[in-house]
Amino acid sequence: MTCQNAILGARSTRRLPPRIEAVAVALRPYLPIVHLCMFVGFFVLIVGPALLPGSEIAQQLGDLARFLIWTLWFPLVFISVLLTGRSWCGLLCPMGAASEWMNRIGRKRPVPGWLRWGGTPIVSFLLVTTLGQTLGVRDYASAILEVFGLTFLAALVIGYFYGQGQKKRAWCRHACPIGLLLGVFSRLSMVDLAPKRPKAGGDAYDTRGLCPTMIDLRRKTESRHCVMCARCVNPDKKGGLALQFRNPGAEIADIRNHHPSSFEVWFLFLGTGIALGGFLWLVLPLYQNLRQATVNWVIEHGYLWLGNPGPAWLMSVHPDAREVFTWIDFFLISGWMIGVMLALTVVLAALQATGAWLAGRLGAHGRFGERFVALSYQVAPPAMISLLLGLGIDLFGLVPQAAAASVKVVALGAAVIWGGWLGWQILKNLGLPGARAAVATLPGLIGGLAVASAWWPAIVG
Ligand code: SF4
Ligand code: SF4
């Protein structure tokens, strides 16, 4: 295989002009300055309001932090993933850079098994998302400080202790809840880095190379762990990685050749479900009815302690803003989120299992488990767009309501169709011809519609 063919690998990809790589290489020495500025900005916005409680400056900093995080950062990072993969992680994120810096001065121990376990970032995501809801992370500066501050602290501690070799990011690869989210959706990205001289054998873990997220560069086929730091890029060398353009979703369409992971698939189901639950309790009257019924039950049975406020590090206790959560609220919000998560996971898993079973009956290659994992990736577009529209709702608040509603409906419809199309491509790559692939895609398409409909109240209000 020639070098060029090796990079292209498929008709849907082509190498970007080397001068773009040259720009990336030229800008690389300035990244530490960018990271330092981001760190200072992060510190001022997150810690500042807590250091100056009650002051006018603290109020303004808190408002600014909420605007930057929820109105701009969250939706724009999602959009950037579609265009340039995890460029946020490699170029701008102060948390990943600080974790790597701690690794330089730290113990450099081998990454332990519990951290390498594929479920660790899922647990981390579920905990952070649930805690964010019970604390009111979208509304209160103290909650932002606790959630982002603790996450930052964990990144520093893990960076200090773990990651052999120089400049490693064990936190980013194995535990960051945001990294997992961005990693799954980076598989949809239009830009990727691929080895110029690929080595057979599929993806591998390499603690000795220069990649901060321990990717064996010559065996790289998946984009989820690549933070786009461009350290492996040099247009003047024959080796290393080259920037390539590809059709959006091309990696998922051919997922069986890009190291599919059952953990990622379960995260797609569970993560979408928990985020959905975290939004629906705010907007559905059903939750308020459930709360009222629970309060009545608690009073009738004499469990009055459940009506007391809990600790402020666990739930929202803000008498000045007239919001004081009791233990009832804490258990109900977390229970509701877990319930919605499990319900959506059961529905999506059942639909994807039906599609995988049907595909097998119709002649697709592979065992049932392999087909299930591969096909389940078709949930990625509706899951991503739903999260973007639902959790990035403040960004859409900046434009007129009618225009925002039209954009949301079109984006959601396009995401469902895109998911169905990806399912069809996945099945074609599993050896199922067109018409039969279309039949086996139907359950997955219904799954995409289920995700979109579940988010509907949150999206259209
Ligand atoms: S994985 Fe997390 S900590 Fe690392 S760079 Fe990305 S967002 Fe930042
Ligand atoms: S593969 Fe290259 S660009 Fe991606 S994280 Fe590793 S060194 Fe950075």
>> Whether any residue in the range 191-211 is within 22 Å of V77 (Cβ to Cβ) and of a type in the set (G, A, S) is what I want to check.
In response: no
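In this structure, is V295 assigned by TED's automatic domain parsing to the domain that holds F279, open to solvent by 40 Å² or more (accessible area, probe 1.4 Å) and part of a helix (DSSP H, G or I)? Even if it seems obvious, please write down each step before you answer.
Numbers: assigned by TED's automatic domain parsing to the domain that holds F279: yes; open to solvent by 40 Å² or more (accessible area, probe 1.4 Å): no; part of a helix (DSSP H, G or I): yes.
No, not satisfied.
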>> Based on this model, can you work out whether P309 counts as open to solvent by 50 Å² or more (accessible area, probe 1.4 Å) and touching a strand residue (DSSP E or B) at 6+ places or on another chain (Cβ under 6 Å)?
In response: yes
> Restricted to the range 149-185, and to residues that are within 14 Å of ligand 2 (Cβ to nearest atom) and more than 29 Å from A380 (Cβ to Cβ), which residue is modelled with the highest pLDDT?
Replying inline: K167
>> Given the criterion of a type in the set (S, T, Y), surrounded by fewer than 19 Cβ atoms within 10 Å (Cβ to Cβ) and either touching a Cys at 6+ places or on another chain (Cβ under 6 Å) or modelled with pLDDT of 95 or more (or both), identify the matching residue among T71, T84.
In response: T84
> Right, T207: of a type in the set (S, T, Y), out of contact with any Pro (no Cβ under 7 Å at 6 or more places or on another chain) and either within 16 Å of ligand 1 (Cβ to nearest atom) or open to solvent by less than 10 Å² (accessible area, probe 1.4 Å) (or both) or not?
Replying inline: no
>> What are the pairs with Cβ atoms under 6 angstrom where one residue, in the range 162-184, is assigned by TED's automatic domain parsing to the domain that holds G85 and open to solvent by 10 Å² or more (accessible area, probe 1.4 Å) and the other, located anywhere, is away from ligand 2 (no atom under 13 Å from the Cβ) and polar (S, T, N, Q)? Sequence gap at least six, or different chains.
In response: W171/S99; H174/T120
>> Against the conditions (1) open to solvent by 10 Å² or more (accessible area, probe 1.4 Å); (2) not in a helix (DSSP H, G or I), where does L432 fall short? Just the number, please.
In response: (1)
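Each row is one residue, and each column tells you yes or no for (1) surrounded by 13 or more Cβ atoms within 10 Å (Cβ to Cβ); (2) assigned by TED's automatic domain parsing to the domain that holds K238; (3) over 25 Å from the mean Cα position of the chain (by Cα); (4) at pLDDT 90 or above.
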site: L8; (1), (2), (3), (4): yes, yes, yes, no
site: T13; (1), (2), (3), (4): yes, yes, no, no
site: L27; (1), (2), (3), (4): no, yes, yes, yes
site: L31; (1), (2), (3), (4): yes, yes, no, yes
site: V34; (1), (2), (3), (4): yes, yes, no, yes
site: C37; (1), (2), (3), (4): no, yes, no, yes
site: V40; (1), (2), (3), (4): no, yes, no, yes
site: P49; (1), (2), (3), (4): yes, yes, yes, no
>> Condition first: hydrophobic (A, V, I, L, M, F, W, C) and either open to solvent by 40 Å² or more (accessible area, probe 1.4 Å) or at pLDDT below 95 (or both). Now tell me which residues in the range 244-258 satisfy that.
In response: F245
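The values are calculated or read from the model by the stated rules, or taken from the named source; none is laboratory data. It should be emphasised that the depicted structure is a prediction, and the values quoted were computed from it without experimental measurement. Quick reminder, even Gly has a Cβ in these numbers, built from the backbone with ideal geometry, and neighbours come from all protein chains shown. Calculation scope for accessible area: heavy atoms of the full protein, side chains included, ligands and nucleic acids excluded. Shrake-Rupley method; radii C 1.70, N 1.55, O 1.52, S 1.80 Å.
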